[in-house]
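Notes to accompany the following structure.
The values are calculated or read from the model by the stated rules, or taken from the named source; none is laboratory data. Note that this is a predicted model, so its numbers are computed, not measured. In this analysis, Cβ positions are derived from the backbone assuming ideal geometry, glycine residues included, and neighbour counts consider all displayed protein chains. The protein model used for the area step is the full one, side chains on, heavy atoms only, and it has no ligands, DNA or RNA in it. Shrake-Rupley method; radii C 1.70, N 1.55, O 1.52, S 1.80 Å.
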Amino acid sequence: MAQNDDEKPLYKYSKHKIGAAINIKTLRNDSVYATFVARQFNALTAENCMKMKQIHPNRDTFYWDDTDYLVKYCIKNNLRLHGHALYWHESVPDWVKNIKDSATLEQQLKKHIQTVVTRYKGKVASWDVVNEFIAPVSDSVRQTSIITLLGADFVQRAFIYARAADPDVKLFYNDFLLEAFDGKNAALIRWLDDAKTKNIPIDGVGFQMHIGLDWPDSAGITRRLQEVVKRGYLIHFSELDIENNNETRSVYTDSFAIALSSRYRTIAKIYMTVPEKQRYGITFWNVYDKETWLKRYFKRKYEWPLLFDENYKRKKAFYGFVSGLK
Ligand code: XIL
């Protein structure tokens, strides 16, 4: 297995943290993966195991085992752990969806947030408190049965609940396509500005950055990012990967490898326009091409979205990315 052990680890090319989302099953069962992760990155996010469906499957049952393992792994290997995510509409367990009374629902979600944050106080550096609350492409709030019952203000209260459980942990709002659509970006800005007037404790914004080779255009990304930067928030590129648009290619050609590398360079350069003290870090959505969610989740065959190939070998994209960090 090519491990590039003689080469400088990825994170050492960067002043800010470089993270990866990890598949907890793979981390627990595959020692090559586990060794590679600790060597190349200095921050981690749980791809799934800290989400509500996984960690709180029944009203009175928490499943801590995977996250406890991850926490220990991070401490042992000196990796910063980012918590993902306390509230995400896609990971609401049925027992919560079945609550029809708003007071009970609010109380249960509050209890969830505070139990999880309290357990990992001092161990998790930051939380995505709310994930993907703004509707995909429009400029409105995503309507779900929970928001209908609790009101859109629930999202702000979620931050207050998290802050009450841990005064020091960094609290993030995380979403996709904030960098891609003016309407969605504007909705975010309105929401942030409103939260500010109410003293809602929000430290940072996670731009997921599930992007394509050519979209969104880089000038647009920079402009939309800047709207958040100028308001002083920490900026996390929290789930970076670059997809093979509609599986246009079925072969990983040299020209694609070069285009991917150049795109990664551009993205790193855009990130470096963020003032140093606001750079929370860049996190890739998994470690190497073999584990990418783009294949699993969308059932696609041809995706090579990350810096390391299916054999953990550095791709041209690796070198493009690190050159953009300079
Ligand atoms: C995805 C995981 O990668 C998949 O394994 C899982 O089946 C669904 O969730 N935005 C997010 C992440 O905030 O939590 C999602 O992760 C990808 C999109």
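Assorted remarks:
- Here 280, 319, 271, 297 are screened, and the one residue that is over 19 Å from the mean Cα position of the chain (by Cα) and either of a type in the set (Phe, Trp, Tyr) or farther than 30 Å from residue 25 by Cβ (or both) is 319.
- Some residue of segment 205-214 being touching a Ser or Thr at 6+ places or on another chain (Cβ under 7 Å) and not hydrophobic (A, V, I, L, M, F, W, C): yes
- Residue check, residue 32 among the β-branched types (Val, Ile, Thr) and either crowded, with 18+ Cβ neighbours inside 10 Å or closer than 20 Å to residue 146 by Cβ (or both): no
- Selection of first residues in segment 9-30 that are within 19 Å of residue 54 (Cα to Cα) and within 14 Å of the ligand (Cβ to nearest atom) and of second residues that are open to solvent by 10 Å² or more (accessible area, probe 1.4 Å) and among the polar types (S, T, N, Q), restricted to Cβ pairs under 9 Å at least 6 apart or on distinct chains, gives the following pairs, ordered by first then second residue: 21/48; 23/48; 24/48; 24/54.
- Any pair with Cβ under 9 angstrom, 6 or more apart, that starts in segment 47-63 at a residue that is in contact (Cβ under 8 Å) with a residue 60 or more places away in the chain and ends at one that is within 10 Å of the ligand (Cβ to nearest atom) and of a type in the set (S, T, N, Q): 47/23; 47/286; 52/91
- Residues in segment 116-127 include at least one that is more than 16 Å from the ligand (Cβ to nearest atom), more than 25 Å from residue 284 (Cα to Cα) and of a type outside the set (Asp, Glu).
Listed here are the residues, each with its yes/no results for (1) of a type in the set (Val, Ile, Thr); (2) within 15 Å of the ligand (Cβ to nearest atom); (3) open to solvent by 10 Å² or more (accessible area, probe 1.4 Å).
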residue: 66; (1), (2), (3): no, yes, yes
residue: 83; (1), (2), (3): no, yes, no
residue: 93; (1), (2), (3): no, yes, no
residue: 96; (1), (2), (3): yes, no, no
residue: 105; (1), (2), (3): no, no, no
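- Where a residue in segment 129-148 is closer than 27 Å to residue 165 by Cα and outside any loop (DSSP other than H, G, I, E, B) and its partner, wherever it lies, is open to solvent by 20 Å² or more (accessible area, probe 1.4 Å) and of a type outside the set (Asp, Glu), with Cβ under 6 Å and at least six apart: 131/88; 141/152
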